[in-house]
Amino acid sequence: MKSLLLASLSALTLAACAAGPNYVAPITPPTAAAPFVTANAATVTSPADDSWWRMYNDPVLDGLVRDALAANTDIRVAVARLDRARASLRGARSDREPQVNIGASGSYGRTSQLQSFQGIDRERATYDAALDVSYEVDLAGRVRRNIEAARGDVGAAQADADAVRVAIVADTTRAYVDAASAAERQAVAERIVDLLGKSATLTNKRVEAGRAAKFDYVRIATLRDQRAALVPAIAAERQAALFRLATLTGRTPQELPTVAAARTTTPRLVRPIPVGDGAALLARRPDIRAAERRLAAATARIGVATSELYPQISLGGSIGSTAANLGDVFTGGAVRWLLGPLLNWSVNQSAARARIAASEADTRGALARFDGQILTALEETETALSTYARELDRRTQLQSARDNAAIAARITRARQREGQIDFLDVLDAERTFADTDADLATADARIADAQIDLFRALGGGWQAG
């Protein structure tokens with residue numbers, strides 16, 4: 001027994017600095033911190049803007065984002081999870097404090113005749129009061145490592161809440177932009193329908209004058225009706241975006257302010273987007289911070305599991321009083337007390353070693369997730385940069401095509417009035433112009449969507465601003 005005690009004390013000496021590995025932040029590849037591969041004229045390398053939606057210079061959008069950050073239900077869920085993690089951390093810290101229990105009881109009963117001495121009343125009352133104090137001597141570092149793990153959980157929950165805010169800001173901006181771009185596309189579609197309607201009216205007059213065939217009128221009227229059929233679908237898209245905007249800002253559809261639907265043009269940026277570099281990206285992205293904090297928590301839990309290999313020592317004491325009369329509880333003769341240490345050590349350590357192995361596996365998994373999150377962040381950002389650049393190039397070409405189509409349509413209409421060309425040439429020119437005009441409006445919407453994807457990939461926007 002003496003040798004066993006000496007062995008335990010020796011083990012405790014070795015474990016006094018807290019069992020398990022000390023956490024060291026993982027090293028990211030040097031290339032991850034380099035400038036982005038997909039640089040373009042629409043971006044600059046200055047630090048990214050946290051309040052990126054303000055770059056659209058739209059006070060209505062600013063107000064909607066504020067509302068979303070304050071009232072969105074997903075954010076409230078994330079904040080509740082953060083509060084729970086903080087409560088768990090307070091619980092872990094409380095293990096460093098002495099544990100104090102106060103108890104009192106009173107009873108009245110009758111004992112068996114075989115259990116009673118002659119002359120002593122078998123029915124009697126018993127009153128008891130006690131104060132118990134215990135304190136765990138954290139030589140193996142179980143409490144310390146548990147606090148480290150809880151602190152990591154809090155950091156991960158905080159980063160998760162920030163990630164939800166990033167997503168909600170992006171989704172709110174996207175819903176607002178979708179509603180505005182749908183209104184713009186609807187206006188373009190209605191303008192095209194009106195233009196085709198005028199052409200149909202003019203052609204019908206030519207038919208009545210015997211200068212054109214009825215078939216010419218039918219074909220252009222068909223094209224007009226085809227374009228008119230697109231208008232309700234675009235209007236439905238706009239309504240859906242507004243309903244989504246209401247939900248994101250914590251409102252019912254009826255409560256969405258009318259000013260949210262007032263914009264009828266797609267928001268556009270007037271200056272290049274600041275994107276920073278890879279190093280700034282890794283520091284900003286909440287999902288990377290969450291993965292790093294989970295790795296820290298998992299590493300600390302190896303120490304919690306390892307501490308089970310060593311004896312657990314508690315210092316404690318108790319003072320109490322037991323008496324047959326309530327008034328005698330506080331007399332000196334009824335008082336009892338005791339002091340002493342308590343050593344608890346499981347000799348069969350197979351289960352503890354299994355838990356250590358499980359914790360080590362969890363830590364390896366957390367490290368893999370952290371490494372994967374870095375790769376994902378870089379992939380998403382580079383993809384967003386590339387998509388944004390290509391959408392800008394696409395719009396430039398569409399603008400040129402639209403301008404040329406507009407010129408061609410004007411020329412063909414004039415030549416038709418002069419009788420220089422047949423109706424098929426006019427119809428083809430009108431159809432081409434309608435397609436390029438609609439494509440240009442769609443391109444503006446796609447550019448705004450690509451911008452939001454880029455802002456979201458950069459990881460900013462969790463501050464209430």
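The numbers here are math on the coordinates, done by the rules we state, and not lab data. On a predicted model such as this, the values are computed, not experimentally measured, just so you know. In this analysis, Cβ positions are derived from the backbone assuming ideal geometry, glycine residues included, and neighbour counts consider all displayed protein chains.
Using a Förster distance of 45 angstrom, determine the FRET efficiency expected from the C-beta separation of A70 and W345, and round it to 0.05. It comes to 0.25. For region 307-465, dividing the convex hull volume of the Cα atoms by the residue count gives 337 Å³ per residue.
The distance between label points at A406 and V231 comes to 2.1 nm (points 7 Å beyond Cα on the Cα→Cβ vector).
Maximal additional length on extending the A279-F330 stretch stands at 11.5 nm, based on 0.36 nm per residue less the C-alpha distance. Rounded to the nearest 10 degrees, the angle from helix 214-228 to the longest Cα principal axis of the chain is 20 degrees.
Building the convex hull from the alpha-carbon atoms of region 359-446 and averaging its projection over directions returns 7.7 nm². Compared with the dominant principal axis of the Cα atoms in the chain, helix 230-248 is inclined by about 20°. Across region 49-60, rounded Karplus estimates of 3J(HN,Hα) from the backbone phi angles (6.51 cos²θ - 1.76 cosθ + 1.60, θ = phi - 60°) give 8, 5, 8, 5, 5, 5, 5, 7, 6, 10, x, 5 Hz, Gly and Pro being marked x. Rounded to the nearest Å, what's the spacing between the alpha carbon centres of region 184-216 and region 297-348? Just the number, please. Measuring centre to centre over Cα atoms gives 94 Å. Going by the alpha-carbon gyration tensor, a ≥ b ≥ c the square roots of its eigenvalues, is the chain rounded (a/c under 1.5) or, if a/c is not under 1.5, prolate (a/b greater than b/c) versus oblate? It is prolate, given that a/c is not under 1.5 and a/b is the larger ratio. Structural descriptor for region 194-318: relative contact order 11 percent, calculated from alpha carbon pairs under 8 angstrom and at least 6 residues apart.
Report, for the chain, the % of DSSP beta bridges that are antiparallel, rounded to 5. For the chain, the DSSP antiparallel bridge percentage is about 95. Computing FRET efficiency as 1/(1 + (r/R0)^6) for T258 and A361, where r is the C-beta to C-beta distance and R0 is 35 Å, gives about 0.05. For the chain, the longest principal axis of the Cα atoms and the long axis of helix 142-208 meet at an angle of about 20 degrees.
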